[in-house]
1. How about region B:85-101: which of its residues are within 23 Å of B:S223 (Cβ to Cβ) and touching a residue at least 12 places away in the same chain (Cβ under 8 Å)?
2. Given (1) at pLDDT below 90; (2) buried (at least 17 other Cβ atoms within 10 Å of the Cβ); (3) in a loop (DSSP other than H, G, I, E, B), where does A:S207 come up short, assuming only one miss?
3. Six or more apart or on different chains, Cβ under 7 Å: which pairs go from a residue in region A:430-451 that's within 22 Å of A:Y50 (Cβ to Cβ) to one that's assigned to a helix (DSSP H, G or I)? Could you list them?
4. List the residue pairs whose Cβ atoms are under 9 Å apart, where the first residue sits in region A:298-314 and is under 14 Å from A:D253 (Cβ atoms), the second is modelled with pLDDT under 85 and surrounded by 16 or more Cβ atoms within 10 Å (Cβ to Cβ), and the two are 6 or more positions apart or on different chains.
5. Considering only residues that are within 14 Å of chain B (Cβ to nearest Cβ) and of a type in the set (A, V, I, L, M, F, W, C), which ones fall in region A:151-183?
6. Do we have B:R192 as outside any loop (DSSP other than H, G, I, E, B), over 28 Å from A:S75 (Cα atoms) and either within 11 Å of chain A (Cβ to nearest Cβ) or of a type in the set (D, E) (or both) here?
7. Hey, among the residues in region B:32-78 that are β-branched (V, I, T) and modelled with pLDDT of 90 or more, which one's surrounded by the fewest Cβ atoms within 10 Å (Cβ to Cβ)?
8. Any idea how many residues of region A:273-294 are crowded, with 18+ Cβ neighbours inside 10 Å, in a strand (DSSP E or B) and more than 18 Å from the chain's Cα centre (by Cα)?
Amino acid sequence: MDEETQLETAVDDLEADSDKDTEVEDPPLSFSERIASWNEKLNGKFELDYFGYFQDSPIDPVDHFIGSSLYLDFSGYAFDDFYYFVRPRFQLDNASRASDLFDVIETSEDRYYFNFDEAYIDYSSSKYRITAGKQVYSWGVSDTYKPVENLNPFDLVDLPTGRKMGVYSLGATGFWDKFTLDTVFVPWFTPSRLPKSDNRWSGNNQSQINQLSSLLGYTPVLSTGERDLPSSTLDNVQGGARLASSSLIPGWDLGLTFVQGIDPIGALEANLAPPPVVGLRQVFQKFREYGGTVSTTYGSAEFHTEVAYRDTVDNAYDDDFVEYVGGVNYTFYNFPWVEQMRLVAEYAGESVVSSKETNNFIVDTGQYIRPFKNSFLGSTEFKFTEETQFTLSSAYNFNAQDYYLQPKLSHKFYSGLQIEAGVDVMEGSPDSFFGRWDRSDRFFLISTYAF
Amino acid sequence: MEQQKKRHQVDREETTVQMELINRSGNKKERTLNIYSYRQADGLSKGLIKFTEPADIRGVGLLTWEQAADQEDDQWIYIPAAKRVKRIAAGGKKNAFMGTDFAFEDMRPERLDAHEYKLAKSESIDGHDCYVIEAVPSTDKEQKESGYGKRIFWIRKDILITVKTEFYDNRDRLVKSGTSSEIEALEGNVYRAGRAEMETIRSNTKTVMITKSRSLSPDFDESFFTQQVLSRRE
């Protein structure tokens, strides 16, 4: 009997033999047990940051910043089908960036010693999902700047390490054959946390001074710090929706987004006092934003684009504009001396649709929002091993020729400890976006221990 | 090969695996992951991998939707730190899966329509007679994208399970060697290996995958393999 015939016979024997002993399997896990098995104990991470600035600042006495953050993750199931996730955050530093104890809605300009990054419950089925609590949303597809992401404010107290802040919200998601519809309802406004006037990341105010000088005919002395926070009323409720599909066109992720909200960074309204003093008050303008996202791959490359049209509502605190980002994410394998090299290259731009005039002096809405009007954004990551990599991140604004560079080396130790070391460099003319922080170039060392 | 695939493939499978990554110095790193797979009516698969340990990669997930032979698979990664799902290019299937000695293509079901198979000889391994079968890419796409010019399988004649595989590059050099052991019979005459080892010859590194638990009849359906489940919190 030749070998191929033997093979066929062996297969026939197996098919005919239905009396083989089989091991008794454990009963299958339920959906909730399966998700719960992903986290069975207390988890979290501890981060220790050191920033050493190369130059003194006339407004900030801290040249060597040391800060620590502890995040704890609690998650599990209650009443069988309700999943909960709570991440408390504890922060402490030597520059009093954290100086408030706790607040339910994070409206303080200072960080809190204790608060929650996220805290929500989640009820899911195969057809829908409902979440309620403090949450962070990620709808964008770009790697750097994401115009469609407007539901969460940012903590920009330390600009290069800015992070999203959770918002108390109710979310509902419906799943159909080819589509997913996310809806979000945010009843309470949370402003972005901006650097205070004694923080070197508040910048040099030069662009504001320039604008006001040309309007007033004299060089003003700025008085800052006042904020006009929106009240918690029904007409200040925010919300958004996203319709997404990954199978309408095979191989493509498509999304349409809509957000009706209040800009968490806002604009600066100038209030004239006896010269030369000018008070700058932060006001928060309403907007509607219509957006779209596309992502696809070809070979080793991933291509993506985001477009968002922002329409300021009922007031003239800001222009109506379209902002867009398009880019590619490409991984080179078998690169000399490295396991892989990943390249991210994006172009971000803006087109003003309608310039608004106002009776108030509105200055510098582009200080933190609308930063990339004609810009290159990118990074190159060299992965030497699974533990060690070097990343060079950069941003360049073609209009003012200002730029940001961050070379960074990171290494993971077997114990779960990761160390990142690098430099943040911002250069440009004093009234440019990055140039206003050119006295804040620094060395950083960030240690993270995950448990 | 068709009979092997037909014999051992199942519609749904859920496995908890402990991975040991051993470098050339003998240092060991451990990872734990859950692997879920689902076979659609058209024969294409969907897969979801979720890392549960160690802490620094806990919650990282990979979702794959297999596409037809002439199309790119859809693949997404979930990054918990950014709470972000990102589509990634699956074109790097020849490359290492999460720093292990297994390539992405090693973790996928065998693409019978993209290879030619030849029965080379018989050989005995650990007292079991085996068919020795050579596989070479048969399509331009597979030749371009696969990291292997040739693979050799040792398949036990009695239960049609692969117990050893050798992987050769396009210059016919042996690059990796894999073995499967602790074979166990599960329901319906389906067999699975409780332990799989992959060794990379040049770098002298090894990855061991040990099955901690397995179910061939989990209660999930195709709706489990979505970006929403991929991004479920760790």
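1. Scanning region B:85-101 gives B:V85, B:R87, B:I88, B:A90.
2. (3)
3. So the pair list comes out as A:W437/A:L159; A:W437/A:W201; A:R439/A:R200; A:S440/A:R200; A:S440/A:W201; A:A450/B:A55; A:A450/B:D56; A:F451/B:A55.
4. A:Y298/B:E72; A:Y298/B:G91
5. A:L151, A:F154, A:M165, A:V167, A:A172, A:F175, A:W176, A:F179, A:L181
6. Judged against the criteria, B:R192 is a match.
7. Filtering first and then ranking leaves B:I77.
8. 6
The values are calculated or read from the model by the stated rules, or taken from the named source; none is laboratory data. In this text, all values refer to a predicted model and were calculated from it rather than measured experimentally. With ideal geometry, Cβ positions are generated from the backbone for all residues, glycine too; neighbour counts draw on all protein chains shown.
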